[in-house]
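Chemist: Below you will find the structure I want to go over with you.
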Amino acid sequence: MLDHGWNGYNLNKIAVIGTHLPRNCGIASFTSDLSGKLEEELGETGRLLILAVNDVPEGYTYPDRVRFELQVNDLADYQMAADFLTINRVNVVFLQHEFGIYGGPAGHYILTLLESLRMPVITTLHTILTEPDKYQRTVMEGLLKASDRLVVMSCRAKEMLISTYGAEESKIVFIPHGIPDIPFVDSNYYKDRFGIEGRKVILTFGLLSPGKGIEVMLEAMPRVVEKNPDAVYIVLGATHPQVLRERGPEYRQMLQRLVMDHGLQENVIFHDRFVSLEELIQYICAADIYVTPYLNPAQITSGTLAYALGMGKAVVSTPYWYAEEMLADNRGCLVPFRDAYALAERINYLFDNETKRHAMRKRAYLYCRNMVWKRVAEDYLKLAGEVIKERSLKPRPMFSIAAGAQLKDDLPPLDLRHLRIMTDSTGIIQHAIYATPDRRYGYCTDDNARALIATVLHWKLFQDESLFPLMQAYLAFLASAFNPDTRRFRNFMSYERRWLEEVGSEDSHSRAVWALGLAVAVKPTGAILNMAVRLFDESLPPAVDFGFPRSWAFTLIGLHAYLERFSGDAKARRIRETLARRLFHLFLNNGSDEWPWLEDTVTYANGVLPHALLLSGQWIPDGRMVEWGLRSLKWLLEIQTNEEGHISLIGNNGWFRRNGDKARFDQQPLEIMHLVNACGEAYHVTGDTQWLTKARHCMDWFFGKNDLLMPLYNSTTGGCCDGLTPQGPNQNQGAESTLACLLSLLTLKSLTTVLAHDDMATQEVFEIGTHSNDFQLPSPTLWHRDVL
């Protein structure tokens, strides 16, 4: 069993789209065989979901692994299938493609499904046309855009993709057609099972259709029988369902007339049925020679040929593309198309030269050992791991068959619906399953502190008294979280209101100080002010001894807010200076022109650090602090802007180390909140409206101007997705992400209020927002301001 953790990325849920047994078609057999081995390789902890395409309204009796059925010509089913995959959080999709198995012109409906997918797509191409019509070309070009990798089963297929469709060579991967892992056996061992013992057996199997050239082989049989009277030709397989629908049994009846005309009733056997894999293997094992007399050279793969070679059969075939490749180096015999004489001559030669026939069998068998389904499944899973890793390092925007969607420039209205849904009488619940509160994980001080900040800021802007119950719930949570014995805030509380720790993290304590300081500054009510002052006074002193820079920064922001109301509090002012100097010295000691940062790794809540410097530099005052705050903020924005000019946050799966590579995922909404706050503060320091443009630029990350061009803000619920992953937004809308988006919006709304006297500036920044990203840092102008 393969270890399905690949380069740190789980392959615990995989989907395969295509046809599936018991539907009778070659792709269904391929999908079924591949899926069976994928399940084995994934083992107990992995899940495989099959999405099967039906060609009849009643569908088929599928095995349990088929989780979703699409009606081939129902376009709505394709969109529902995409939603199904997204809701089930599939890691990667393996798409089996053949033009005829999907609905719409040339199977165009499959593109509707693909354009809605967020996860990587690996497409296996079972047919590639060198002269496609306009519909086929449109579909193939759509597949090229939508797929992270294109799997081909022959080298010629790769050449065709590049020359005909301009495919990128780096996207094309060769993985051979799979085969059963069967020992090299003597055909005589199996012949008695079919009543053909003592006879020389020629076999063709697969769904019958006119292009298979069976009539040419029947024309060759009289010459074969003339030299080998004991020869028998078995034609194994039902008529192709599509041929039956369109032409009925006409083709099979024509073949049966040929048998009668040539007097071959004792030398030709038709088995008009679709056999199981077990029975098919027995038939192949019983064969001495396998024949594929196909009429069309344009066939880039053949499962029947792969199976026959992989089981060590001597093969005679026409030179279609896949056969030319597989039978090279004397692994089989090629004869011209529609040449019954050549077919007979080669078959008789192999019957007459047993030593050469067995040597040919052995060469074919050994050549195909890397094609057994176990190896093929491993190759697909390894490729999936590579693609998921690649997505994490080099994200791809969402595929669309339409022109690029236009992203809105206007800000949405403030929407507190999801905040209210996530809040109960205890406080705000940490997590959500999609937009539904997930009570299993209870509450935390971090989120209740952020929720208090959000509701206080909202009241400051709009004086909405309906928020008072929410404020009181969050404030009550903080009061309960504070442990007077340790003088520290606890962080995690179960849904049953049991504290899960005696002391929370330094960050959670400092976030509570920030929230309390803001509540003091804004004073929504006298009662809230009194409670906030009391808790602030009791919880501030321990923060002096904290060891983490971000904890100092959170505390500093709370201190600045508190001092807006009580500027004469000498103790608070001393603590502010102590923490500010400590933070600033880290920048001075570690920063440089190329790396203006206080640590050797850029990690989380990065914007809060320059934010704290900018506030401290104004109030202490210290112009160098302001300069370093502006410089480090400008640098943060530069390293987190992609080539398209969109914000590309440092991911939490590896962060960004000095002289290292930046992790691309997962990107967290909190980072945007801190950047927006810092940019707003930079505007207050400098008066430069380009910092407002930067703030709006960061905000647009929520609305789709990001690495994947996918929105995280949900206007239907008022919530925000829990981060941007390589597969797209995490669809859960928890408290942290929702509050991060809400607080970012509140900050921008606050800035519009500040700018209300300057209509021109407001219009430029908040409607157009197209200032250049390149600007010089001005000399800071220190001036008194209202803390946001």
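Chemist: Tell me, which residue of the range 53-91 that is closer than 15 Å to Ser35 by Cβ and in contact with a Ser or Thr (Cβ under 8 Å, 6 or more places away or on another chain) is surrounded by the fewest Cβ atoms within 10 Å (Cβ to Cβ)?
Modeler: Arg65
Chemist: What is the number of the single condition among (1) touching a Gly at 6+ places or on another chain (Cβ under 9 Å); (2) touching a residue at least 40 places away in the same chain (Cβ under 8 Å); (3) not basic (Lys, Arg) that Ile175 does not meet?
Modeler: Here Ile175 meets the rest and fails (1).
Chemist: Next up: For the range 97-151, what are the residues that are assigned to a helix (DSSP H, G or I), in contact (Cβ under 8 Å) with a residue 60 or more places away in the chain and of a type in the set (D, E, K, R)?
Modeler: Correct list: Lys145 only.
Chemist: Kindly indicate whether any position in the range 564-582 is surrounded by 23 or more Cβ atoms within 10 Å (Cβ to Cβ), farther than 24 Å from Gly517 by Cα and not β-branched (Val, Ile, Thr).
Modeler: No, the conditions are met nowhere in the range 564-582.
Chemist: Pairs needed: first member in the range 607-626, in a loop (DSSP other than H, G, I, E, B); second member anywhere, open to solvent by 10 Å² or more (accessible area, probe 1.4 Å) and of a type in the set (Asp, Glu); C-beta distance under 8 Å; at least 6 residues apart or different chains.
Modeler: Gly607/Glu671; Ile620/Glu577
Chemist: Only one of Gly385, Gly404 is in a helix (DSSP H, G or I), modelled with pLDDT under 95 and more than 30 Å from Leu461 (Cα to Cα). Can you tell me which?
Modeler: Numbers: Gly404 fails: in a helix (DSSP H, G or I).
Just one listed residue meets the conditions, Gly385.
Chemist: Being under 28 Å from Gly718 (Cβ atoms) and in contact with a Phe, Trp or Tyr (Cβ under 8 Å, 6 or more places away or on another chain), is that true of even one residue in the range 480-488?
Modeler: Step one: of the range 480-488, the residues under 28 Å from Gly718 (Cβ atoms) are 480-481.
So of that shortlist, the ones also in contact with a Phe, Trp or Tyr (Cβ under 8 Å, 6 or more places away or on another chain) come out as 481.
The answer is yes, given that some residue of the range 480-488 is under 28 Å from Gly718 (Cβ atoms) and in contact with a Phe, Trp or Tyr (Cβ under 8 Å, 6 or more places away or on another chain).
Chemist: Give the range 594-634 a look and list any residue that's of a type in the set (Val, Ile, Thr) and closer than 28 Å to Asp666 by Cβ, or say none.
Modeler: If we filter the range 594-634 for residues that are of a type in the set (Val, Ile, Thr), which is where we start, we get 601-603, 608, 620, 626.
Listed by number, the residues that qualify are Thr601, Val602, Thr603, Val608.
Chemist: Determine which single condition Gly104 fails, assuming it passes every other condition in (1) out of contact with any His (no Cβ under 8 Å at 6 or more places or on another chain); (2) open to solvent by less than 10 Å² (accessible area, probe 1.4 Å).
Modeler: (2)
Chemist: Restricting to the range 605-649, what's the tally of residues that are surrounded by fewer than 23 Cβ atoms within 10 Å (Cβ to Cβ) and under 23 Å from the mean Cα position of the chain (by Cα)?
Modeler: The qualifying residues number 8.
Chemist: Every residue in the range 719-744 that is of a type in the set (Gly, Ala, Ser) and within 18 Å of the chain's Cα centre (by Cα), please.
Modeler: Of all residues in the range 719-744, those of a type in the set (Gly, Ala, Ser) come to 719, 723, 728, 734-735, 737, 740, 744.
Across the range 719-744, the qualifying residues are Gly723, Gly728.
Chemist: All but one of (1) in a loop (DSSP other than H, G, I, E, B); (2) surrounded by 22 or more Cβ atoms within 10 Å (Cβ to Cβ) hold for Val201; state the number of the condition that does not hold.
Modeler: For Val201, the exception is condition (1).
Chemist: Shifting gears a bit: Can you find a residue in the range 45-64 that is under 23 Å from the mean Cα position of the chain (by Cα) and among the acidic types (Asp, Glu)?
Modeler: Keep residues of the range 45-64 that are under 23 Å from the mean Cα position of the chain (by Cα), which gives 45-53.
From what is left, the residues that are among the acidic types (Asp, Glu) are none.
No; the residues of the range 45-64 include none that is under 23 Å from the mean Cα position of the chain (by Cα) and among the acidic types (Asp, Glu).
Chemist: Restricting the search to the range 472-503, which residues are in contact with a Lys or Arg (Cβ under 6 Å, 6 or more places away or on another chain), open to solvent by 60 Å² or more (accessible area, probe 1.4 Å) and under 18 Å from Leu540 (Cα atoms)?
Modeler: Selection gives Val503 alone.
Chemist: Test Pro469 against the stated conditions and say whether it is at pLDDT 95 or above, touching a His at 6+ places or on another chain (Cβ under 9 Å), farther than 18 Å from Leu745 by Cβ and open to solvent by 20 Å² or more (accessible area, probe 1.4 Å). Spell out how you get there, then give the answer.
Modeler: Working: at pLDDT 95 or above: yes; touching a His at 6+ places or on another chain (Cβ under 9 Å): no; farther than 18 Å from Leu745 by Cβ: yes; open to solvent by 20 Å² or more (accessible area, probe 1.4 Å): yes.
So Pro469 fails the test.
Chemist: A follow-up question, please. Those residues that are assigned to a helix (DSSP H, G or I) and more than 17 Å from Glu538 (Cα to Cα), I need them from the range 566-584; list them, please.
Modeler: Filtering the range 566-584 for residues assigned to a helix (DSSP H, G or I) gives 570-584.
Listed by number, the residues that qualify are Glu577, Thr578, Leu579, Ala580, Arg581, Arg582, Leu583, Phe584.
Chemist: Another question, if that's okay. Could we say that Tyr380 is surrounded by fewer than 17 Cβ atoms within 10 Å (Cβ to Cβ), part of a helix (DSSP H, G or I), touching a residue at least 12 places away in the same chain (Cβ under 8 Å) and out of contact with any helix residue (DSSP H, G or I) (no Cβ under 6 Å at 6 or more places or on another chain) here?
Modeler: Against the criterion (surrounded by fewer than 17 Cβ atoms within 10 Å (Cβ to Cβ), part of a helix (DSSP H, G or I), touching a residue at least 12 places away in the same chain (Cβ under 8 Å) and out of contact with any helix residue (DSSP H, G or I) (no Cβ under 6 Å at 6 or more places or on another chain)), Tyr380 does not qualify.
Chemist: May I pose another question? If Tyr341 passes every condition in (1) under 51 Å from the mean Cα position of the chain (by Cα); (2) surrounded by fewer than 21 Cβ atoms within 10 Å (Cβ to Cβ) but one, which one does it miss?
Modeler: Just one mismatch for Tyr341, condition (1).
Chemist: Taking the conditions exactly as written (open to solvent by less than 10 Å² (accessible area, probe 1.4 Å), modelled with pLDDT of 95 or more and touching an Asp or Glu at 6+ places or on another chain (Cβ under 6 Å)), does Ser744 satisfy them or not?
Modeler: Numbers: open to solvent by less than 10 Å² (accessible area, probe 1.4 Å): yes; modelled with pLDDT of 95 or more: yes; touching an Asp or Glu at 6+ places or on another chain (Cβ under 6 Å): no.
Taking the combined requirement at face value, the residue does not satisfy it.
Chemist: What is the one condition in (1) within 22 Å of Thr747 (Cβ to Cβ); (2) open to solvent by less than 40 Å² (accessible area, probe 1.4 Å) that Phe462 does not satisfy?
Modeler: In the conditions (1) within 22 Å of Thr747 (Cβ to Cβ); (2) open to solvent by less than 40 Å² (accessible area, probe 1.4 Å), Phe462 misses (2) alone.
Chemist: Right, here's the next one. Filter the range 344-358 down to residues that are open to solvent by 40 Å² or more (accessible area, probe 1.4 Å) and part of a helix (DSSP H, G or I) and give me whichever is nearest to Phe30 (Cα to Cα). Steps first, please.
Modeler: The first filter runs over the range 344-358 and keeps only residues open to solvent by 40 Å² or more (accessible area, probe 1.4 Å), leaving 345-346, 349, 352-356, 358.
Now restrict to residues that are part of a helix (DSSP H, G or I): 345-346, 349, 352, 354-356, 358.
Working: Glu345: 33, Arg346: 30, Tyr349: 33, Asp352: 35, Glu354: 33, Thr355: 33, Lys356: 32, His358: 28 Å.
Filtering first and then ranking leaves His358.
Chemist: May I ask you to list pairs of residues, at least six apart or on different chains, whose Cβ atoms are under 6 Å apart, with the first in the range 572-598 being aromatic (Phe, Trp, Tyr) and the second being crowded, with 17+ Cβ neighbours inside 10 Å?
Modeler: So the pair list comes out as Phe584/Met625; Phe587/Leu598; Phe587/Trp628; Trp597/Gly591.
Chemist: Could you say which residue among Glu131, Glu115, Glu141, Glu98 is over 25 Å from Tyr78 (Cα atoms) and either surrounded by fewer than 20 Cβ atoms within 10 Å (Cβ to Cβ) or of a type outside the set (S, T, N, Q) (or both)? Before the answer, list the steps.
Modeler: Working: Glu115 fails: over 25 Å from Tyr78 (Cα atoms); Glu141 fails: over 25 Å from Tyr78 (Cα atoms); Glu98 fails: over 25 Å from Tyr78 (Cα atoms).
Every option except Glu131 fails the conditions.
The values are calculated or read from the model by the stated rules, or taken from the named source; none is laboratory data. Because the structure is predicted, anything quoted here is derived from the model rather than measured. A quick note on method: Cβ atoms are made from the backbone with ideal geometry, for glycine too, and the neighbour counts reach across all protein chains shown. Side chains are part of the model used for accessible areas, which takes the heavy atoms of the whole protein and leaves out ligands, DNA and RNA. Shrake-Rupley method; radii C 1.70, N 1.55, O 1.52, S 1.80 Å.
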